[in-house]
Each structure stands twice: as C-alpha cells, then as structure tokens.
Amino acid sequence: MRIIGTGSALPKKIVSNDMLSEFLDTSDEWITARTGIKTRHIITEERFEELATEAAGRALDASGLSPDDIDYIICSNVSNLYITPHLSSLIQGNLGIKGPNCPTMDVNAACVGFVHSLDLCDALLSTGRARNILLVAAEECTRFCDWNDRNCTVLFGDGAGAVVVTRGDNLLASRLTSVPMPDVIVYKNPMEATPYESGEGIDTRQPLVMKGREVFRMAVTSASRDINRMVADAGLTLADIDHFLLHQANLRINEAIRDNLKVPEERFPTNVQRFGNTSSASIPLLLDEGVREGRIKRGDTLLLSAFGAGFVTGTMILKY
Ligand code: COA
C-alpha cells in the first residue's frame, strides 16, 4: 500500500490545564510535569461525525481522487455517541459516496487502531479486494472521562486524522501484537445493566479506569523493544528512519523511548502538549501535521509505533 493523501480535524474548543484546575483538584504544574500536556481540544458545539468527515474530506482532497474512486472505508474508533450505525457508514453518507460497492467497517483496537487498520488496508489492497481505501481514525476521548475525576480527565482530547491509501509497495515492515491484560485500561459500556435487570433505567456508566504506572512501564518497554526489533528485521538501522511517529499519550513516555533509542529530538515529533491523548487519532494527526508543514516529504521513511488497552501494540515502517 501507499499513502496518497492525509487530512485531520480538531474541535474548536481549546481547554488549558488552568481551565481544568478551576473545577478539579489539579494544577498546570502537576499536569505539565507528569504528562507534558498543556492544552487539549474538546468537542462542544460540533458533531463528532462531522469532525471525522472533515478529516476524511481533507485526506480525499489531498489524494486527488474523487469520492467515487473510494471502494472501501475503514474507521478506527473507540468512543463516540453512536454505537450503531458505525462511523464509517456515516462518513460514507456525509461524503456522498453512494455505494453499494464500497464496504464500510469500524475497527476498535484501542490507541493502536490506526496502525492495525493500515495493516488491514495493505491486506485488502494486496489481495485485490480494494483499490483505494479511505481510513479515518476519529476519537471522542472526552466521552471516557468523569469530569469529577482528576486521574484520567487531564490526559485526553478529541480529534480526527485520515489517510487515503492505494496499491503500492511502500510498506516495508509491520508487526501487531496483543497480550490479554483486561484490567490495565478499562471503559465499560453504559448498558452493562439493562433497565430489565436493574429494575430501573439507572445510568451504570463507569468512567475509564487505568493502572497508569503499569501502562507507562509497558508502553516504554514494548515500544523500545518493538522498534529496535523491527528496524533490524527490515535490514535497516535507526539512522535510516526519518520520522518516528509515536502514539501521543504522555510526553514522558515518548522521551523515555527516545532516550532508550538515542534518536535526536528533531526526528521524534510530538504534539501531545497541544492535543493530549487522542487515542488512535494521534498518529494520523501527527502525520498530517508533518506533511502540511513540509517536514514529512515524499520518499521519507516513517516508523509508526502505538500501544494501548488490551494490551496491544503496533509497529510499522513505510515510505511516505
Ligand atoms: N492532579 C494532581 N494530582 C494528581 C492528579 C492530577 N490530575 N492525578 C493523580 N494525582 C495524584 C495522585 O492522587 C497521587 O497522589 P498521592 O501520591 O497523594 O497518592 C500522585 O498524584 C501520584 O500519582 P501517580 O498515579 O503515581 O502519578 P504518576 O507519576 O504515575 O502519573 C500518569 C500518572 C497517569 C500521568 C502516568 O502514570 C501515565 O501517564 N501513565 C500512562 C497513562 C497512559 O498513557 N494511558 C493511555 C495509554 S494509551
């Protein structure tokens, strides 16, 4: 596969650490020191599916293709208002892609969803099942949050990133892993107790719970190991990678991985400081930013690396 267009979109509302500390027992000093995050974008006025469609439309424009050229849509998503219909079919309608010969499906692989879906795109393209795929990673992470709980709320933001991929041989290496550890990051469906079982229509929603320190340790260890292994298996060295595009969860996690790899800062872009953790949208947001600012150029070698709930990881090397 080959990426031929990128796009992204962020909600208008920007919330600073100081704004959070007006109603949470937290501070800009604590959040900055532990996470590097200064602001995040939060959906307030806009509709989530419109934001996802905006990112998709930008990727489509950048690809030079028309909506009718798209013959598959995949969305990576963990949380949004809709459980069904799935987000990719909503985007199909919003972009005026009539179908019926354009299958749509959503993928939930936590924060690794974009890398997992890109790997899936390669399989669909190389087996001839699709010619041009629109892949959107859109997340409304602030839906996870209990706004009275300082532990998780300060970490997340909302956003969407998208790519259009076509047939090509730009994927150099890919490795996805999954190890069942169901209690490190958990967010349960509000419908766990139905009105029938509970006797009333009570809201049983449980906010996201996370073993923060454990996730931190596993993220640093697994990403450092997977990146080193993948680069060696591909017959490359770390010096051959032009841009390390890592999942943006916490600046300290990324700095620890960069320290382990001994890679210069300029090849390790970050935007978690401005956007917080946008789950699977974080890598395509980082990619689109780099492309639009002219830092990521055609022919550059990219390494993508993500980790998340499950516990899952995804690592990929590709030519842009
Ligand atoms: N503001 C102020 N204090 C806070 C706080 C907040 N927002 N959140 C927690 N604290 C407090 C805790 O209550 C604790 O207080 P105590 O020492 O009196 O008990 C103290 O700060 C330290 O908490 P701890 O959880 O040990 O901090 P930490 O250094 O591990 O940092 C995280 C917490 C969540 C920032 C860090 O563990 C992390 O980023 N983990 C990875 C999470 C992640 O990336 N998840 C997504 C993966 S896709």
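The values are calculated or read from the model by the stated rules, or taken from the named source; none is laboratory data. Here the structure is a predicted model, which is why all the values come from computation and not from measurement. All Cβ positions, glycine included, derive from the backbone under ideal geometry; neighbour counts span all protein chains shown. Only protein heavy atoms, including side chains, enter the accessible area calculation; ligands, DNA and RNA are left aside. Shrake-Rupley method; radii C 1.70, N 1.55, O 1.52, S 1.80 Å.
Thr53: net charge of surrounding residues, Cβ under 13 Å, Lys/Arg +1, Asp/Glu -1, itself excluded?
Combined, the nearby Lys, Arg, Asp and Glu give -3.
What does the extension gain come out to for Asp259 and Asn271, with contour length at 0.36 nm per residue minus their alpha carbon separation?
2.5 nm
Exposed loop GluC sites (Glu not before Pro) only (DSSP loop, at most 10 other Cβ atoms within 10 Å): please give the longest stretch of the chain free of them, not including the sites.
The reported range is 46-199.
Quick check: with the 1.4 Å probe, what order do Trp147, Trp30 take by accessible area, largest first?
Order by accessible area, largest first: Trp30, Trp147.
Hey, which of these cross-link pairs are over 20 Å Cα-Cα: Lys13/Lys38; Lys12/Lys211; Lys38/Lys188?
Lys12/Lys211; Lys38/Lys188
Does anything in segment 126-164 have its amide N under 17 Å from the 7 Å Cα→Cβ label point of Asp25, and if so which residues?
146-154
What share of the DSSP beta bridges in the chain is antiparallel, in percent to the nearest 5?
Restricted to the chain, the bridges split so that about 70 percent are antiparallel.
Order the following by accessible area, largest value first: Arg298, Arg267. Probe radius 1.4 Å; ligands, DNA and RNA are ignored.
Arg298, Arg267
Report the accessible area of Leu171, computed with a 1.4 Å probe over the heavy atoms of all protein chains in place, in Å² rounded to the nearest 10.
We get 40 Å² for Leu171.
Please report, in whole Å, how far the alpha carbons of the chain spread along each principal axis, starting with the longest.
53, 49, 36
Students sometimes get this wrong: rank Lys262, Lys211 by accessible area, probe 1.4 Å, all chains present, largest first.
Greatest to least solvent exposure: Lys262, Lys211.
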